[in-house]
Amino acid sequence: MSRYNPKDIEHKWQEAWAAQNIYAAKDFAKRPKFVMLTEFPYPSGSGMHIGHMREYTLGDILARHKRMNGFNVLFPMGFDAFGLPTENYAIKNRISPVKATRDNIANFEQQLKSMGFSFDWNRSFKTSDPDYYRWTQWLFLRFFAAGMAYQEEIAVNWCPFCKTGLANEEVINGRHERCDTPVEKKMLKQWLLRITDYADRLISGLDSVDYPPSIADQQVNWIGRSKGAEIDFQLEKSAEKIRVFTTRPDTIYGATFLVLAPEHPLVAEVTTKSQKEQINRYIKATQAKTDVERQAAASKEKTGVFCGAYAINPASQQRIPIWIADYILMGYGTGAIMAVPAHDERDSEFATKYSLPVQPVIEPEYGETKTGEITRDSIIAVLRNKKTNEVLLLNWGARQNQSGGRLLIGGGIERDEDIAAAAQREIREETGYRDVRFVQSSKEIVHNHYYSAVKERDCYAKITGLLFDLISDELVAPSPEPGEKGKFLLEWVPVETAAQLIDDPAHRRVFEELVANKVFTGEGLMVNSGKYDGLNSALMREQIVADLVKTRQAEEKINYRLKDWIFSRQHYWGEPIPIIHCPKHGPVAVPDDQLPVKLPPVEHYEPTNSGESPLGLIEDWVNVSCPVCGGPAKRETDTMPNWAGSSWYYLRYYDPHNDLTFAAGSKLNYWGMVDLYLGGMEHTTLHLLYSRFWHQFLFDQGLVPTPEPYAARRGQGIILAADNSKMSKSKGNVVNPTEIIESGYGADALRLAIIFLAPYDQTTPWSPEALGGTYRFLNRVWTLGAEFQNSANSTTGQKSDLLDRLCNTAIKKVSEDINGMNFNTAIAALMEYVNGLYKFKTEDKFTSGNWLSALQVLAKLLAPFAPHLSEQLWQELGNDGSIHLSDWPKWDPKFVNRQVTVIAVQINGKLRGELEVEAGITQEETLKLVEQEPKLQTQLAGKEIKRVIFVQDKLISLVVT
RNA sequence: GCCGGAAUGGCGGAAUUGGUAUACGCGCACGACUCAAAAUCGUGUUCCUUUUAGGAUUGAGGGUUCGAUUCCCUCUUCCGGCACCA
């Protein structure tokens with residue numbers, strides 16, 4: 001054995017593994033199956049980066065570990081080849097997208113192979129293969145046949161740079177996620193998939209799969225289900241009604257005006273002559289804004305215009321004005337709302353600006369109702385010092401052992417007493433301040449159930465809040481007065497921090513209304529609401545809708561933030577949508593036996609500005625006959641988004657060469673769900689959601705056997721540049737894996753460095769130094785193997801107990817860490833093992849009889865992480881066959897549990913010493929040892945042991961006085 | 001604003017039913033080998049102090065406990081996602 005040089009071994013083993021085809025998955029094998037899926041890459045022109053390698057290294061470790069544990073592992077790899085970047089790359093370099101794709105994939109394959117990943121290359125394909133996209137088109141036609149794919153003229157998100165329409169999911173902060181160009185609106189006839197039909201299933205399906213909360217929650221949020229009602233508001237002077245969507249029908253009595261989106265179809269109808277000019281000007285101004293501008297305006301002041309007409313509130317029967325404003329979006333709900341300024345912050349802001357009426361209809365209520373409690377009218381007073389911008393709090397917890405924290409000034413109203421007078425009296429009694437000025441009282445009554453510690457009984461208060469300004473800080477007498485004497489401290493605190501200091505929710509609410517001007521958006525008791533007065537708003541929400549449904553003025557409605565998936569792209573490099581437009585029969589499916597509809601070769605791939613695909617220019621491709629009547633017809637010229645091919649690709653791995661169907665049922669049954677799917681967090685609301693939708697639809701069509709595609713999903717974290725910034729070509733801080741391998745570190749050291757960096761799911765900066773560490777570690781492994789072979793070792797010598805212990809501890813830790821996906825600590829355990837072997841080697845000189853097995857175990861434990869070096873070591877140690885087809889080692893508990901252990905001695909919670917004891921020692925024996933230990937004796941001298949806490953083999957804790 | 005995650009030495013990070021905080025690696029210092037350097041091997045390395053020892057310490061503050069990185073409450077900062085969604 002010579003020096004460790006990865007170049008000598010890595011390529012050699014890669015070829016050997018390929019020649020022997022050792023990573024091939026076997027259909028129908030009796031062993032348990034395991035599908036380990038990693039997201040297939042998009043073959044860009046710039047090659048693979050370190051982030052790709054993190055994902056595939058993680059998948060490879062798991063695949064290899066499962067294989068060694070007896071699983072029939074399917075670990076496939078393919079290429080997501082259609083899409084904009086390749087097309088743009090081809091245009092820029094004046095080559096065809098076909099050639100660009102071929103070249104890029106060749107480069108990607110070479111890079112993947114140089115990392116030693118155990119992919120089953122026999123099953124590889126790219127989504128731009130006609131043999132593959134034939135089935136993408138076929139599956140699309142199932143959507144079409146089921147009415148799940150439809151065409152509509154809509155305002156799409158249009159990227160003026162890429163010259164194509166986009167799906168909602170591809171727009172981030174008003175910009176195209178690929179090129180960062182601000183998105184415009186453009187009216188185009190588009191194909192859409194009815195993903196909204198599956199909105200509820202996409203939420204409920206998450207219960208049956210193992211996704212981390214960060215991923216599941218993000219999908220649920222993206223779908224944005226909100227339950228509410230659509231309610232009709234009759235126009236005062238017209239037969240038309242305006243339908244609004246609300247999630248708070250319980251606030252309907254507080255609806256004091258309506259607001260329509262500027263694009264709402266009834267705007268013209270409701271605009272009176274006198275308002276027409278103003279309204280038109282406002283609509284024009286709105287249309288001129290891009291989405292980015294309109295979103296930026298969100299943070300600024302709201303704007304709107306009164307349109308002159310009135311509607312009737314179906315609950316209160318009041319006549320309410322109709323406004324238009326661009327804070328209402330046509331794309332959500334009905335594009336119209338009932339504004340409840342008393343209980344909605346946005347409506348409140350709008351009402352304040354345009355002096356519209358405010359009607360409170362919910363009063364906050366806190367605490368649980370208790371039987372036999374006293375009811376009384378009360379006040380809560382806020383005393384504010386305007387000069388210092390502080391308010392006065394009574395701190396009830398600061399004195400003695402009082403319960404309760406900080407409150408405002410509170411008290412009951414005496415019989416025949418004026419509310420303001422009562423508040424002023426309480427201020428004087430409780431604080432001693434007398435020179436105060438009344439500012440305002442609250443509009444809300446706050447209902448509060450509480451236990452009065454002073455009076456020792458349950459109370460129910462109807463509280464009016466009052467705000468006073470302090471005029472002079474002269475005190476009547478040393479405060480506080482007798483009565484509630486000494487029960488609290490007075491504290492002046494800044495207005496900004498007061499809300500979080502006030503302990504009681506009723507007191508806090510009074511402060512929020514009077515000082516912080518916060519709108520009450522919570523649940524509570526209904527008031528000013530006719531027959532619903534005094535009832536709980538949350539409980540009455542559905543009742544109110546039910547009552548309106550009876551008179552056909554409303555219906556229950558669930559709204560989703562999720563929109564139907566815009567499926568058309570006006571580009572060349574994608575799957576042609578297999579539809580023929582006939583003047584007589586409309587859109588007609590291309591018959592299954594004529595699939596695939598192949599992309600025709602063309603001279604120019606450039607997208608057009610018109611919103612028409614470049615395919616439209618190829619007349620002999622476009623002009624076909626109608627499959628139904630044979631008359632002249634035209635092909636659909638839009639192509640599919642690149643999310644189409646990736647929506648079902650995992651299924652094709654199960655049966656990649658089938659030319660009768662997308663995958664045979666028997667193979668779909670055998671492989672079933674993907675057992676673990678590893679990918680990027682950035683695909684959570686794009687690819688991951690789309691492919692779950694496709695799969696759920698295919699399940700409903702009886703085409704796949706499982707309702708969900710992925711049994712478990714994990715997202716790997718991003719690797720940042722060493723300075724914590726994102727790696728990017730423009731910054732020139734991209735880490736190139738091929739350069740690292742070829743510089744001499746090799747793939748194994750790179751794999752280890754990537755994995756050892758941090759937990760797999762954590763975003764973390766790349767550290768070039770880490771590579772030195774893992775390379776050094778592999779060197780030590782290599783050297784250890786070499787020294788062993790050069791020594792006069794023998795398998796007949798006395799077996800070392802220490803060696804067995806090191807070895808079995810390592811097996812246990814590494815096995816458990818891989819199963820828990822704690823790969824970084826698995827490597828730490830391997831390092832500890834090697835460090836231990838080195839130490840032992842120095843004294844033992846390989847004379848113990850169990851060295852060979854200890855090194856074989858080392859090779860096996862290292863095999864998933866550093867496959868090349870492990871294989872080499874395995875061969876050097878005299879084994880036949882690949883280590884990657886060998887069995888994972890098992891640990892023997894008798895070597896893991898230590899005979900002698902060190903336990904900690906704590907006295908009054910502090911560590912005071914350590915004792916080396918026999919494992920399994922009792923509390924009494926340990927206590928005796930403690931009392932004999934001279935150091936500990938001094939600690940215990942003259943003290944009484946009050947309590948002993950004993951944790952077997954770990955710690956003894958003494959409480960002494 | 002809402003949802004999710006995080007905060008531990010000079011750095012990346014360990015520590016799961018609450019039980020010896022800082023495993024493993026990097027970096028740094030010293031030593032061995034060497035004419036020398038690299039490589040390699042070994043030792044040390046949370047901080048403070050009056051250093052045979054004592055004290056402090058897991059973003060901040062409070063709580064529960066014999067004992068808290070771990071559980072509870074309040075807050076700050078950072079990362080990811082959503083955001084005028086009615």
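Couplings 3J(HN,Hα) of the range A:802-808, computed from phi: 4, 4, 4, 5, 4, 5, 5 Hz, in residue order, whole Hz [Karplus 6.51 cos²θ - 1.76 cosθ + 1.60, θ = phi - 60°; x for Gly and Pro].
Checked against a 19 Å cut-off, the cross-linked pairs A:LYS812/A:LYS860; A:LYS910/A:LYS935; A:LYS33/A:LYS126; A:LYS99/A:LYS598; A:LYS443/A:LYS518 give Cα-Cα distances beyond that limit for A:LYS33/A:LYS126.
Rolling a 1.4 Å probe over the protein heavy atoms of the range A:685-731, with every protein chain left in place, gives an accessible area that is 53 percent carbon and sulfur. Among the GluC sites (Glu not before Pro) in the range A:222-287, those located in a DSSP loop and surrounded by at most 16 other Cβ atoms within 10 Å of their own Cβ are A:GLU236, A:GLU240.
Placing a label point 7 Å from the Cα of A:TYR605 along the Cα-to-Cβ direction, the residues of the range A:561-579 whose backbone N falls under 20 Å from that point are A:568-577. With all protein chains kept in place, the per residue accessible area of the range A:750-895 amounts to 40 square angstrom at a probe of 1.4 angstrom.
Expressed to the nearest 5 percent, the antiparallel share of DSSP beta bridges inside chain A is 75 percent.
Among residues other than A:VAL436 with Cβ under 10 Å from its Cβ, the summed charge is +2 (Lys and Arg +1, Asp and Glu -1).
Given a 1.4 Å probe and the protein chains as shown, A:GLU742 ends up with an accessible area of around 110 Å². Accessible surface comparison of A:ASP638, A:ASP207, A:ASP180, probe 1.4 Å, protein chains only, largest first: the order is A:ASP207, A:ASP180, A:ASP638.
The stretch between A:HIS11 and A:GLN440, if pulled fully straight at 0.36 nm per residue, gains 146.2 nm over its current Cα-Cα span.
Would you work out the relative contact order for the range A:210-353, in percent, from Cα pairs under 8 angstrom that are 6 or more residues apart?
Numbers: 234 pairs, mean separation 46.3, N = 144.
That works out to 32 percent.
Under the simplified labelling scheme, the A:THR796-A:GLN20 pair shows an inter-label distance of 3.1 nm, with each label point 7 Å from Cα along Cα→Cβ.
For the range A:560-590, trypsin sites (Lys or Arg not before Pro) meeting the loop criterion (DSSP other than H, G, I, E, B) and having at most 12 other Cβ atoms within 10 Å: A:LYS584. Rounded to the nearest whole Hz, the Karplus-based 3J(HN,Hα) values (6.51 cos²θ - 1.76 cosθ + 1.60, θ = phi - 60°) of the range A:37-47 follow the sequence 10, 10, 4, 6, x, 8, x, 7, x, 9, x, with x at glycine and proline.
Once a ≥ b ≥ c are taken as the square roots of the eigenvalues of the Cα gyration tensor of the range A:333-450, is the result rounded (a/c under 1.5), prolate (a/b larger than b/c) or oblate (a/b not larger than b/c)? Walk me through the numbers on the way to the answer.
On the way: a/c = 1.98, a/b = 1.56, b/c = 1.27.
Prolate, since a/c reaches 1.5 and a/b exceeds b/c.
Straight-distance candidates among the aspartates and glutamates for linking to A:LYS273, with alpha-carbon spacing under 18 Å and chain neighbours fewer than 8 residues away dropped: A:GLU236, A:GLU240. A DSSP coil position with no more than 14 other Cβ atoms inside 10 Å describes the following trypsin sites (Lys or Arg not before Pro) in the range A:60-104: A:ARG94.
Using R₀ = 25 Å, calculate the FRET efficiency as 1/(1 + (r/R₀)^6) where r is the Cβ-Cβ separation of A:ASP200 and A:ARG552; round to 0.05. Before the final figure, lay out the partial values.
On the way: r = 26 Å, r/R0 = 1.03.
The value I calculate is 0.45.
Using only the Cα atoms of the range A:154-250, build the gyration tensor, take square roots of its eigenvalues as a ≥ b ≥ c, and label the shape rounded, prolate or oblate: rounded if a/c is under 1.5, else prolate if a/b is larger than b/c, else oblate. Oblate, since a/c reaches 1.5 and b/c is not below a/b. Listed by chain and number, the aspartates and glutamates placed with their C-alpha closer than 13 angstrom to that of A:LYS353 are A:GLU301, A:GLU345; residues fewer than eight positions away on the same chain are left out.
When only alpha carbons are used to place a centre, the range A:227-260 and the range A:406-476 end up 39 Å from one another.
Solvent-accessible surface (1.4 Å probe) assigned to A:HIS571 amounts to roughly 10 Å².
Averaging over all projection directions, find the projected area of the Cα convex hull of chain A and quote it in nm² with one decimal place. Provide the component values of the computation, followed by the final result.
Numbers: hull surface 221.2 nm².
Its Cα hull, projected and averaged over all orientations, spans 55.3 nm².
For A:LYS185, a cut-off of 17 angstrom between C-alpha atoms picks up these lysines, skipping any fewer than 8 places away in its own chain: A:LYS163, A:LYS284, A:LYS289, A:LYS563.
For A:GLU365, the residues 5 or more places off, or on other chains, whose built amide H falls under 5 Å of its own are A:HIS447, A:LEU525.
In nm, what is the difference between 0.36 nm times the number of residues separating A:LYS935 and A:ALA145 and their Cα-Cα distance? Let's see the in-between values first.
Values: separation 790, 0.36 × 790 = 284.40 nm, distance 8.48 nm.
Here the segment from A:LYS935 to A:ALA145 would lengthen by 275.9 nm.
Overall, the anisotropy analysis places the range A:824-878 in the oblate class: the square-rooted eigenvalues a ≥ b ≥ c of its C-alpha gyration tensor yield a/c not less than 1.5, with a/b not exceeding b/c. A simple spin-label model places the labels of A:LEU885 and A:LYS518 6.8 nm from each other, with each point 7 Å out along Cα-to-Cβ.
The values are calculated or read from the model by the stated rules, or taken from the named source; none is laboratory data. Note that the structure is predicted; figures quoted are calculated from it, not measured. Methodologically, a virtual Cβ is constructed for each residue, glycine included, from the backbone with ideal geometry; neighbour enumeration extends over all protein chains shown. These area figures cover heavy atoms from the full protein model, side chains too; ligands, DNA and RNA do not enter into them. Shrake-Rupley method; radii C 1.70, N 1.55, O 1.52, S 1.80 Å.
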